[in-house]
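Trainee: Right, I'll just put the structure down here and ask away after.
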Amino acid sequence: MPLEPVMSLPELKAHLSLTVDQDEDDALLQAKLDGAQTLIERMLGFGLVTRFETEDAVPADLREAILQLAAWWYENREAVMEPGAPLPFGVADIIDANRDWTF
């Protein structure tokens with residue numbers, strides 16, 4: 001689990017068009033959400049809340065990337081692609097646009 005989560009379970013459920021009372025997959029959804037943020041932070045090379053100071057200050061495109069990746073992992077729970085396959089459409093572009101390229 002990320003030290004400081006940016007997106008909440010209710011936000012992911014809304015993104016997936018799930019209602020609050022559809023709670024049988026809440027633990028799985030939370031795991032996908034945590035994993036998505038962790039991967040994105042690892043790819044960026046910085047913690048989102050550490051860089052932007054508050055969860056509300058995290059740019060909308062990065063918040064969207066977390067939701068897209070978590071939703072994609074949830075909807076494709078089986079190994080549907082070859083190892084090393086690209087991230088879902090748009091997620092890699094969002095990460096690249098926000099990466100700090102200084103050396």
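Trainee: Residues of segment 87-103 with amide nitrogen under 19 Å from the 7 Å Cα-to-Cβ point of T50?
Mentor: Inside the label zone: 95-96, 98-103.
Trainee: Obtain the radius of gyration and the Kirkwood radius of the chain from its C-alpha atoms and give Rg over Rh.
Mentor: Reported Rg/Rh, Kirkwood definition of Rh: 0.96.
Trainee: I've got another one for you. Defining a contact as two alpha carbons under 8 Å apart and six or more residues distant in sequence, what relative contact order in percent does the chain show?
Mentor: 34
Trainee: Work out the length of the dipole vector of the chain about its Cα centre, built from +1 on the beta-carbon of each Lys and Arg and -1 on the beta-carbon of each Asp and Glu, and round it to the nearest 20 debye.
Mentor: With only Lys, Arg, Asp and Glu charged at Cβ, the dipole is about 300 debye.
Trainee: Turning to a different aspect of this structure: Restricting attention to segment 1-77, which GluC sites (Glu not before Pro) occupy a DSSP loop and are surrounded by at most 10 other Cβ atoms within 10 Å?
Mentor: Of the GluC sites (Glu not before Pro), the ones in loops of segment 1-77 whose Cβ has at most 10 other Cβ atoms within 10 Å are E24, E53.
Trainee: Place a label point 7 angstrom from the Cα of W101 along the Cα-to-Cβ direction, then list the residues of segment 19-59 whose backbone nitrogen is under 16 Å away.
Mentor: 44-45
Trainee: Dipole of segment 9-100 (Lys/Arg Cβ +1, Asp/Glu Cβ -1, origin at the Cα centre): which of G45, V91, A14 lies farthest to the positive side?
Mentor: G45
Coordinate-derived values only; no laboratory data. Keep in mind the model is a prediction, meaning the values are calculated, not measured. Neighbour counts are summed over all protein chains in view; Cβ atoms, including those assigned to glycine, are modelled from backbone coordinates with ideal geometry.
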